[in-house]
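Working notes for the structure below.
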Amino acid sequence: MTSLVGTGVLLRFNLRRDRLMIPVWVAVNALMVLSMPNTLKGLYGTAAERTDLLDQVAANSSLRALIGPVFDDSLGALTAWRVGVYAGALAAVTGLLVVVRHTRDEEESGRQELISSGVVGRRASLTAALLAAAVANGVLALLVTAGLAAQGAVGALAFGLGLAAVGMVFATMAAIVAQLTESARLTRGLTAGLLGAAFVLRAAGDSVSVSGASVWSWLSPLGWLSQLRPFAGERWWVLLLFAAAIVGQGALAYVLAGRRDVGMSFVPTRPGPASGRLRTAGALAWRLQRGGVLGWSIGFFLAGVVYGGLTDGVADIVGDNEQAREIFERMGGQSGITDAFLASMTGMLGLIAALYVVASVLRLHGEETSMRAEPVLANAVGRLRWAAGHLTIAFAGSALIMLLAGLGFAVGYGKETGPVLGGCLVQLPAVWVIGGLTVLLYGLFPRVAPLAWALAGAALLIGWVGPALNAPRSVLNLSPFGHLPKLPGDAMNWPPVLTLLALAVVLVAGGLVGLRRRDMTT
């Protein structure tokens with residue numbers, strides 16, 4: 001028996017398990033990219049407008065840090081500039097989630113031991129996980145290449161391959177981290193931290209160099225994507241950097257996987273104290289989720305600082321471009337370009353906060369399926385009390401990160417803090433509705449609870465792409481974020497806010513009733 005026996009069967013099994021998650025993540029990423037050319041054509045329809053945009057980017061280091069350098073004024077090149085960094089980051093998240101789900105998650109739950117007892121090679125599971133990530137990124141590359149071919153087939157191919165390559169770099173990186181740690185949660189957190197470090201390195205390099213040629217940019221795979229220069233005289237040799245990183249990291253992951261026992265790691269978890277110090281279920285929940293809360297808090301505060309620092313220059317960037325002004329007004333209200341920009345950015349952070357609340361609530365699902373909830377509930381701890389600890393962190397944590405985002409805006413903008421802080425906090429009812437839907441799915445239909453990611457992804461897609469495509473109000477209202485007042489700038493509208501809060505309460509209550517009545521692990 002070779003070490004790869006059973007890979008094909010496991011790959012089909014993995015793709016079946018991810019038949020919802022992978023299509024949703026790939027579709028959101030592809031639609032974000034493919035919606036951009038028409039949007040940019042409306043915004044910068046003339047050569048003079050596009051030339052002026054290039055001059056603005058060259059003169060604005062904060063904008064380069066946020067989005068990256070731009071190398072040509074064609075619609076294809078502007079599309080790669082506008083969404084390249086974020087599409088690459090989303091591809092990276094997809095890759096790392098798929099790999100961790102089918103490697104360390106399986107070992108932590110004990111399912112990998114059952115699989116390994118059959119006719120399955122030692123490295124079959126790792127290979128199947130990497131191939132599943134390759135399928136997801138390959139489909140993304142095909143969609144992007146086909147969708148952008150009208151802007152230039154060569155540039156579209158380069159951009160599609162670049163996005164897929166970024167996804168696979170972080171997929172193989174996650175494969176290495178999965179060998180080093182015993183916890184799937186820690187594996188995801190560490191790999192996500194490395195992605196954040198890559199973004200910071202790229203931002204630092206792009207901010208100090210108009211061409212992005214700083215050494216800091218070259219230290220980041222996200223910087224390599226910019227330096228591939230799709231639609232702007234493609235540098236095909238940059239793909240060799242991606243290939244070397246993917247092959248090198250994959251080889252290291254294979255070596256490590258062959259030298260450890262199933263369920264073990266090279267960096268074992270430190271033993272806890274001889275006597276327990278966690279006296280409540282809430283304290284245990286905080287112990288399990290405090291790392292995630294800290295990471296999201298830091299990220300939102302820094303995002304607020306960056307977006308706040310861009311606020312004063314947004315009027316110069318938009319200039320007399322009526323189409324750009326209209327998009328900001330559709331996203332953030334019609335109270336002036338500065339307030340519209342602040343409202344659109346706070347709304348965007350609210351959409352991202354929905355991802356946090358879904359991840360935090362689904363921690364209950366992870367504890368249950370991994371059988372760690374059973375010994376807790378075997379003591380004098382009821383289900384509702386156990387769930388309350390995690391839900392408190394989910395909902396209060398989302399309030400904390402939005403509060404820190406508002407403080408970050410205040411630091412970066414340096415002016416009135418009240419209105420922009422209110423703009424951040426008014427996003428919470430919609431965030432909590434998404435969290436309530438997640439609780440409802442987990443409580444009533446635990447097998448399909450991960451569908452909550454699809455709900456959050458749909459809200460993100462509607463809120464991000466909908467205004468750019470001038471989607472009708474009926475489509476925007478499908479998302480709870482479409483009913484919120486646009487603060488700062490607009491008047492506070494309490495009825496929809498209170499309605500969303502009441503809906504969130506009802507959804508959470510329904511989920512808890514279902515959790516109390518159903519059998520666990522079913």
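The values are calculated or read from the model by the stated rules, or taken from the named source; none is laboratory data. Because the structure is predicted, anything quoted here is derived from the model rather than measured. Note that each Cβ is placed from the backbone with ideal geometry, even for glycine, and that neighbours are counted across all protein chains shown. With ligands, DNA and RNA removed, areas are computed over all heavy atoms of the protein, side chains included. Shrake-Rupley method; radii C 1.70, N 1.55, O 1.52, S 1.80 Å.
Given in Å, the Rg to one decimal and the Dmax to the nearest whole number for the Cα atoms of region 118-200 are 15.7, 50. Per-residue 3J(HN,Hα) values for region 122-127, derived from phi via the Karplus relation 6.51 cos²θ - 1.76 cosθ + 1.60 with θ = phi - 60°, read 4, 9, 5, 5, 5, 5 Hz in sequence order (x marks Gly and Pro). What would the Debye equation give as log₁₀ I(q)/I(0) for region 48-200 at q = 0.10, 0.19 Å⁻¹, counting only Cα atoms as equal point scatterers? At q = 0.10, 0.19 Å⁻¹ the computed log10 ratios are -0.45, -1.08. The modelled label-to-label distance for the pair A47/A213, using points 7 Å beyond Cα in the direction of Cβ, is 2.6 nm. Translational diffusion coefficient of region 135-179 (Stokes-Einstein, Kirkwood radius from Cα pairs, 20 °C, 1.002 mPa s): 197 µm²/s. R0 = 25 Å: FRET efficiency of L278 with I298, Cβ-based, nearest 0.05? E between L278 and I298, to the nearest 0.05, is 0.55. Karplus-based coupling profile of region 287-295, in residue order and whole Hz: 4, 6, 10, 5, x, x, 4, 5, x, with θ = phi - 60° in 6.51 cos²θ - 1.76 cosθ + 1.60 and x standing for Gly or Pro. Working from the Cα coordinates of the chain, the gyration tensor eigenvalues give, after taking √(5λ), semi-axes of 37, 31, 20 Å in decreasing order.
With each label modelled as a point 7 angstrom along the Cα→C-beta vector, the D519-A150 pair spans 5.4 nm.
Sorting 87-95, 456-464, 192-200 by average packing, meaning the other beta carbons within 10 Å per residue, from highest down gives 87-95, 456-464, 192-200.
Helix-only mean residue ellipticity at 222 nm, the chain, DSSP H runs n ≥ 4 weighted -39,500 (n - 2.57), per residue, nearest 500. What is it?
On the way: 24 runs with 389 residues, N = 522.
Result for the chain, helices only: -25000 deg cm²/dmol.
In the complete set of protein chains, residue-level accessible area for V215 is approximately 90 Å², probe 1.4 angstrom.
For the chain, the residue among L515, L131, A396 whose Cα projects farthest onto the positive side of the dipole built from Cβ charges is L515.
Surface composition of the chain: carbon plus sulfur atoms hold 65% of the accessible area, using a 1.4 angstrom probe and ignoring ligands, DNA and RNA. Placing +1 on the Cβ of every Lys and Arg and -1 on the Cβ of every Asp and Glu, with no other charges, gives region 386-522 a dipole of roughly 280 debye about its Cα centre. Within region 141-246, none of the trypsin sites (Lys or Arg not before Pro) combine a DSSP coil assignment with at most 10 other C-beta atoms in a 10 angstrom radius. Farthest toward the positive end of the dipole of the chain, out of S211, A164, G304, is the Cα of A164, where the dipole comes from beta carbon charges about the Cα centre. Placing a pseudo-label 7 Å from each Cα along the Cα-to-Cβ vector at A244 and L498 gives an inter-label distance of 6.3 nm.
Enter the accessible area of I115 (Å², nearest 10), with the probe set to 1.4 Å and all protein chains included. About 40 Å², ignoring ligands and nucleic acids.
May I ask you to give the average projected area over all directions of the convex hull of the Cα atoms of region 376-476, in nm² rounded to one decimal? Spell out each step's value before the answer.
Details: hull surface 36.5 nm².
Result: 9.1 nm².
Rounded to the nearest 10 square angstrom, F266 shows an accessible area of 90 square angstrom against a 1.4 Å probe.
Normalised per residue, the accessible area of region 372-460 is 38 Å², obtained with a 1.4 Å probe and no contribution from ligands, DNA or RNA.
Assigning unit charges at the beta carbon (Lys, Arg +1; Asp, Glu -1) and nothing else, what dipole magnitude in debye, to the nearest 20, does the chain show about its Cα centre?
Values: 38 positive and 28 negative charges, 402 e Å.
The calculation lands at about 1920 debye.
Summed over the residues of region 68-144 and divided among them, the accessible surface reaches 31 Å² per residue at a probe radius of 1.4 Å.
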